[in-house]
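Peer 1: Quick one: the structure is below, and I'll ask about it shortly.
The values are calculated or read from the model by the stated rules, or taken from the named source; none is laboratory data. Bear in mind that the values here come from a model prediction, so they are computed numbers and not experimental data. Backbone-built Cβ (ideal geometry, glycine too); neighbour counts: all protein chains shown. For the accessible areas, the whole protein counts, side chains as well, though only heavy atoms, and no ligand, DNA or RNA atoms are used. Shrake-Rupley method; radii C 1.70, N 1.55, O 1.52, S 1.80 Å.
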Amino acid sequence: MKDTKPFPVLKNDNLLRAARGEVVDRVPVWVMRQAGRYLPEFQELRKQHDFFTVCRTPELACEVTMQPLRRFDLDASIIFSDILVIPQALGLTVEMHAGVGPVLPQPINTPEDLKRLTPDGALSRLTYVGDAITMMRHKLEGRVPLIGFTGAPWTLMGYMIEGGGSKTMSKAKAWLSDHPEDTKLFLNLLTDAIMQVKAGAQMLQVFESSAEHLTKEDFLIWAVPYLRRIRDELVDRLTKKAVPLVPITLFAKGAGHSLKEQSELGYDVIGLDWTVDPIEARALVGPNITLQGNLDPQDMYRDADELRALTTEMVHKFGKSRYIANLGHGITPQTPITSMDVLVEAVHKAL
Ligand code: 1CP
């Protein structure tokens, strides 16, 4: 039976206030991939359960979502799931191989293969995401906001064509020139499926993690229109259903060349990777967008004093207004857990 109890009142709303440009008590901080491989309790749970079983079982997904919050004074939680649940819901097999990452044994090789995808009913195959989000909102007891997320079309298309992660995305990039019309169909199909994932989270993040493989020109052609569409349709749908809007973050890794263009897409927050200078980024996006990021995940391997100094310097550059502290990409598996405390404390004490 669906849980229809009202959600607990939010106590720490600094994340949402920062996203809306309101005054915050302290600079909010969370970390991409904060629920995951660097935590021994996650590794322990993964010994007992397959990756996608964790995603599909709300109790387990909530447990993993909660793990970093038990240890660190974070200002947000992010629901445990993966961007590859969408290709799965579209009928592709996705396996998670230990030490390798995601593997899609029957990738999309040719435009003909698009017929294998099953967009009809994809939404109903993703109800477990919404169920986990609803359960998590209760379990959080209003401590911090809950972030939902999705992969952006170009990034998802890349995994579906390459059959997993790729250093070059060469097969997916070949599609752009070899099958431009089919690529548009493909990207639009993913935009549609993505639209169906939003599920009552208090904030959403769109991951365009593979933007780093595109030239600026290709980013503007093959990513930007679909990123615009995701945001516009989301706002449109929520408005029509009289559901209050939630802030949306765009994180296009490696697209620091197009910050101005990104700032014109209607997103509330733009996530930055570590290659971008905070002061230059602010000048490009103007005063009305919140910035998120962007410590180099590798800095988490430095000693505590160095990490503290770098974090403090970063927060000073961004300032207290319209800023959410984070890494410039996901936390990496071998990161010492103690670095998380140093990071979080340094952010909170910086201003
Ligand atoms: O066996 C395991 O436990 C696998 C490790 C793992 C985890 C913990 C994977 C495999 N995915 C996740 C969870 C996950 N994935 C979250 C959880 C919430 C959080 O704490 O942040 C999120 C937000 C993601 C999103 C995701 N998955 C992205 C976008 C973010 C990013 O890092 O750029 C991408 C590209 C993926 C694909 C994926 N899933 C897993 C891996 C190792 C990868 C990347 C593979 C590659 O390209 O090499």
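Peer 1: Tell me the GluC sites (Glu not before Pro) within region 207-283 that lie in a loop according to DSSP and have at most 15 other beta-carbon atoms within 10 Å. If you can, show how the numbers build up before the last one.
Peer 2: Working: sites: Glu208, Glu212, Glu217, Glu233, Glu261, Glu264, Glu280; in loops: Glu264.
Loop-located and lightly packed - Glu264.
Peer 1: Taking only the Cα atoms of region 55-207, how large is their convex hull per residue, in Å³?
Peer 2: Per residue, the Cα convex hull of region 55-207 comes to 116 Å³.
Peer 1: Moving on to the next point. Using a 7 Å offset from the Cα along the Cα-to-Cβ direction at both Glu181 and Gln48, what is the distance between the two label points in nm, to one decimal?
Peer 2: Going by the 7 Å Cα→Cβ label model, 5.4 nm.
Peer 1: Roll a 1.4 Å probe over the protein chains and send me the accessible area per residue for the chain in Å².
Peer 2: Numbers: 15060 Å² over 351 residues.
I get 43 Å² per residue for the chain.
Peer 1: Test of understanding: extend the Cα→C-beta vector of Lys260 to 7 Å, then name every residue of region 215-235 with backbone N under 18 Å from that spot.
Peer 2: Correct set: 216-221, 224-225.
Peer 1: Counting just the Cα atoms, what span does region 1-109 cover along each of its three principal axes? Round to the nearest Å and put the largest first.
Peer 2: 49, 34, 30
Peer 1: Ok, one more. D for region 262-351, whole µm²/s, Stokes-Einstein with Kirkwood Rh over alpha-carbon pairs at 4 °C and 1.567 mPa s: what number? Please report the intermediate quantities before stating the final value.
Peer 2: Details: Rh = 13.3 Å.
Reported coefficient: 97 µm²/s.
Peer 1: Now for a different question. Just for the Cα atoms in the chain, what are the lengths along the principal axes, largest first, rounded to whole Å?
Peer 2: For the chain, the Cα extents along the three principal axes come out at 56, 47, 44 Å.
Peer 1: Ok, one more. Only Cα pairs within less than 10 Å get springs; with that Gaussian network setup on the chain, which residue of Val129, Val235, Val269 has the largest fluctuation?
Peer 2: Its mean-square fluctuation being the largest, the pick is Val235.
Peer 1: Give me a comma-separated list of calculated 3J(HN,Hα) values for region 122-135, in order, Karplus coefficients 6.51, -1.76, 1.60 applied at θ = phi - 60°, integers in Hz, x for any Gly or Pro.
Peer 2: Values, residue by residue: 4, 4, 5, 7, 10, 4, 4, 5, x, 4, 5, 4, 4, 4 Hz.
Peer 1: Between Val315, Thr249, Leu84, whose Cα lies farthest towards the positive end of the dipole of region 13-349 when Lys and Arg beta carbons carry +1 and Asp and Glu beta carbons carry -1, centred on the Cα centre?
Peer 2: The one lying farthest along the dipole's positive direction is Thr249.
Peer 1: If r is the Cβ-Cβ distance from Ala309 to Asp218 and R0 is 56 Å, what FRET efficiency results, to the nearest 0.05?
Peer 2: Details: r = 38 Å, r/R0 = 0.67.
The calculated FRET efficiency here is 0.90.
Peer 1: With θ set to phi - 60° and the Karplus curve 6.51 cos²θ - 1.76 cosθ + 1.60, what are the ³J(HN,Hα) couplings of region 270-285 in order, to the nearest whole Hz, using x for Gly and Pro?
Peer 2: 10, x, 10, 7, 6, 7, 9, 7, x, 6, 5, 4, 4, 4, 6, 8
Peer 1: Longer than 24 Å from Cα to Cα, which of Lys167/Lys216; Lys171/Lys253; Lys240/Lys320; Lys115/Lys240 are they? Say none if no pair is.
Peer 2: Working: Lys167/Lys216 18 Å; Lys171/Lys253 19 Å; Lys240/Lys320 34 Å; Lys115/Lys240 32 Å.
Over 24 Å apart, Cα to Cα: Lys240/Lys320; Lys115/Lys240.
Peer 1: What span do the alpha-carbon atoms of region 172-271 cover on each of the three principal axes, reported in whole Å from largest to smallest?
Peer 2: Principal extents (Cα only, largest first): 42, 27, 18 Å.
Peer 1: Here's something else I'd like to know. Which value in deg cm²/dmol, rounded to the nearest 500, describes the helix-derived mean residue ellipticity at 222 nm for the chain, given -39,500 (n - 2.57) per DSSP H run of n ≥ 4 and division by the residue count?
Peer 2: Details: 15 runs with 154 residues, N = 351.
Only helices count here, giving -13000 deg cm²/dmol.
Peer 1: Taking all protein chains as present, what is the carbon and sulfur share of the accessible area of the chain, in % to the nearest whole number, probe 1.4 Å? Present the calculation step by step, with values, prior to reporting the outcome.
Peer 2: On the way: 8020 of 15060 Å².
Carbon-and-sulfur percentage of accessible area, whole number: 53.
Peer 1: Determine the gain in length on full extension of the stretch Val23-Lys167; use 0.36 nm per residue of separation and subtract their C-alpha separation, reporting nm with one decimal.
Peer 2: On the way: separation 144, 0.36 × 144 = 51.84 nm, distance 4.08 nm.
Contour length minus the Cα-Cα distance gives 47.8 nm.
Peer 1: Another question, then. Mind giving me the nanometre distance, one decimal, between the label points for Ile279 and Ala242, set 7 Å out from Cα along Cα→Cβ?
Peer 2: Each label point is offset 7 Å from its Cα along the Cβ direction, giving 5.0 nm.
Peer 1: Go through Val94, Val224, Ile324 and say which Cα lies farthest out towards the positive end of the charge dipole of region 13-349; charges sit on Cβ, +1 for Lys and Arg, -1 for Asp and Glu.
Peer 2: Ile324
Peer 1: Only four residue types carry charge here, +1 at the Cβ of Lys and Arg and -1 at the Cβ of Asp and Glu. Report the dipole size of region 13-349 about the Cα centre in Debye, rounded to the nearest 20. Walk me through the numbers on the way to the answer.
Peer 2: Working: 37 positive and 43 negative charges, 119 e Å.
Magnitude of the dipole: close to 580 debye.
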